[in-house]
Structures are given as C-alpha cells and as structure tokens.
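Visitor: Quick one: structure below, then a few questions.
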Amino acid sequence: MNDGILFYWFMWMGWIVTTFLIPKGKLRNQCVFITLFGIILSSINIHFSIGSLNAAFVFFLLIGFIRVINNSHQLFFFVTSSFIVATAYVSVELFALYDPAKLFVNKKVMILVLLTSLVITLAGSKKDHFSLIAIGLFIGDAAYQFIILRLAGKVEIGSLYVMDLFASTSMMLLFMVVLVDMFKKIRRTAFKRVTSAKQI
C-alpha cells in the first residue's frame, strides 16, 4: 500500500461524515475546518537547509499546542505524556531500522497499536487524545529524522508515511471513544431496566 492513501482516505471520510451527518454547531465547524485544511496543507512542504517539513503536520501540531495552552495547569502531564509517545515511536523505528528481521508483524501496524494503547492509557480525558498523538508523533518523527540524518542525508519531518500513522491512530482513538461511549449507554439502559423491574 502506498504511503498517504490512509491519510487521505480517513481525512476525506472524516470531512464527509462531519459535513453531512453531524448537526450544525461549533463542533461540526471545527471538525470540517481541521479536516479540510489538513487535506489542503498536506501537499505543501516547507523546505529548509537540510530537509523539509510537511505543512499539515505543523498545522496539527499547532492545534495540539492550542489545547495545551488552554490547559496550562496540565503542562507537566502533556510534556511527560508526549515524551513517552515520542520515545515509543523512535524506539520502534530504530529497532526496525537495525534489526527488521525480528519484527513479527508489520511495522506500521505495530506502531499504530502501540501509540493507540499508550494514548488511551496516558490521556486524562477524550479531548487529550488528539493533542497527545499530534505533539508526541511530531516530536518522535523529528527526533528520529535527526538521528538517521547521516544515513538518509536529509530530514523529512511529516512524510506521508507518518501522516498515515497520524490519521490511522487518530481514527483508532476515535473508534475506541465511540465504542466505549456506546457500551456505557447500553450499560446505563440495562441498569435502568433492571432497576425498574425490581421496583415493580
């Protein structure tokens, strides 16, 4: 599968769902703006002396920072959690680089599962998921690119491969949140029915 397919597929799917299925309101407008702007910026690369930086990746990073700024009392939590996510990403990438034969599953799938599990474990609330993955993955990819600079010869922060990981992890986190909320509603409904039956 070519790099970038998952990113564009998930982003367009997200834009269609938010535009046509979510009721009009502040949340809908924010989601539509983020997905559409992310798609537009993904084709733009910011070039500097030793490499390039994807504009969409920077855009998502800035959104993550806005969340951190609005919750400055949780600064230590965001710094620590983002560092853990970044370290996990770099560790898997370096392991795959130096000893790929020992990877028993596809590297992208392994990173996806690892990052999703970490963010779910670390995040204090559902609203922190996107911020943690955006900041952590950006820091991790930047660190990895500078580590392998001598091997690669250039820095490419926010490549389509990384954007695939970002979009896939975000969708997996969204799916987990929806699934958990659905089970909670089912549990509440079942509990109400049992309570009503007992009263009768």
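The values are calculated or read from the model by the stated rules, or taken from the named source; none is laboratory data. For clarity, every value in this text was computed on a predicted model and none was experimentally measured. Counting neighbours? That spans all protein chains shown, and the Cβs are built from the backbone with ideal geometry, glycine included. Each accessible area value is taken on the protein alone, full model and side chains, heavy atoms only, with ligands, DNA and RNA left out. Shrake-Rupley method; radii C 1.70, N 1.55, O 1.52, S 1.80 Å.
Visitor: Could you tally the net charge around residue 74, taking each other residue with its Cβ under 15 Å from the Cβ of residue 74, Lys/Arg +1 and Asp/Glu -1?
Guide: Net local charge, residue 74 excluded: +2.
Visitor: So how do 172, 11, 110 rank on accessible area, 1.4 Å probe, biggest first, that is with the largest at the start?
Guide: 172, 110, 11
Visitor: Restricting to DSSP loop positions (anything but H, G, I, E, B) with no more than 14 other Cβ atoms inside 10 Å of their own Cβ, which chymotrypsin sites (Phe, Trp or Tyr not before Pro) remain in the stretch 90-173?
Guide: 104
Visitor: Using DSSP loop states and a limit of at most 16 other Cβ atoms within 10 Å to flag trypsin sites (Lys or Arg not before Pro), what is the longest stretch of the chain containing no flagged site?
Guide: Answer from the scan: 25-125.
Visitor: Let me ask something else. Under 5 Å between amide H atoms, partner at least 5 residues away or on a different chain: which partners does residue 155 have, H built in plane at 1.01 Å?
Guide: Excluding prolines and chain starts, which carry no amide H, the hits are 51, 52.
Visitor: Sticking with this structure for a sec: Net charge near residue 83, counting Lys/Arg +1 and Asp/Glu -1 over other residues with Cβ under 15 Å of its Cβ?
Guide: Result for the neighbourhood of residue 83: -2.
Visitor: Please report the spacing between the Cα centers of the stretch 165-183 and the stretch 23-57 in Å, no decimals.
Guide: Answer, in whole Å: 20.
Visitor: Given points 7 Å out from each Cα along the Cα-Cβ axis, report the residue 175 to residue 71 separation in nanometres with one decimal.
Guide: Here the answer is 2.4 nm between the modelled labels.
Visitor: Using the Kirkwood radius over Cα pairs, work out the Stokes-Einstein diffusion coefficient for the stretch 107-186 at 20 °C and 1.002 mPa s, in µm²/s as a whole number.
Guide: The estimated diffusion coefficient comes to 157 µm²/s.
Visitor: Determine the alpha carbon to alpha carbon distance for each of 108/185; 24/107; 126/154; 108/184; 26/184; 24/126 and list only those over 29 Å.
Guide: Exceeds cut-off: 108/185; 24/107; 126/154; 108/184.
Visitor: Where Rh denotes the Kirkwood radius from the mean inverse Cα pair distance, what is Rg over Rh for the chain?
Guide: Rg divided by Rh gives 1.04.
Visitor: Can you list the equivalent-ellipsoid semi-axes of the stretch 1-102, largest first and in whole Å, using the square root of 5 times each Cα gyration tensor eigenvalue?
Guide: Whole-Å semi-axes of the equivalent ellipsoid: 28, 21, 15.
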